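Structure, as structure tokens:
The values are calculated or read from the model by the stated rules, or taken from the named source; none is laboratory data. All values derive from a computational prediction rather than experimental measurement. All Cβ positions, even for glycine, are placed from backbone atoms using ideal geometry, and neighbour counts span all protein chains on display. With ligands, DNA and RNA removed, areas are computed over all heavy atoms of the protein, side chains included. Shrake-Rupley method; radii C 1.70, N 1.55, O 1.52, S 1.80 Å.
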Amino acid sequence: MDGNKRNLIKPGIRVSVIQKQDQRSGKTTVGIVKDILTKSTSHPHGIKVRLESGVIGRVKEIFTDRSGINEDEKY
């Protein structure tokens, strides 16, 4: 599921984001949403969020199941 609509993103869900400096390479970072930073209902490049790790980026994918989870990661 893509991250262009704000109503689909809630604190506590697992997403992949692309940071500003990684836009050219397309490298994404997976984490848990802490704060939603975009105020509008949608954004063509993805809703901007802050992850629990402190990373800020635009949501590229919303994980609805356990996909994208590193099994070694502690909760």
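All conditions but one from (1) within 14 Å of the chain's Cα centre (by Cα); (2) at pLDDT 95 or above; (3) open to solvent by 50 Å² or more (accessible area, probe 1.4 Å) apply to Thr64; the one that does not is (2). Considered as a group, the residues in the stretch 4-49 that are in a loop (DSSP other than H, G, I, E, B) and among the hydroxyl-bearing types (Ser, Thr, Tyr) include one that is most open to solvent (accessible area, probe 1.4 Å), and that residue is Thr41. Within the stretch 5-24, residues that are of a type in the set (Lys, Arg) reach partners that are open to solvent by less than 100 Å² (accessible area, probe 1.4 Å) and assigned to a strand (DSSP E or B) with beta carbons closer than 6 Å, at six or more positions or on different chains, in the pairs Lys5/Ser42; Arg14/Ile32.
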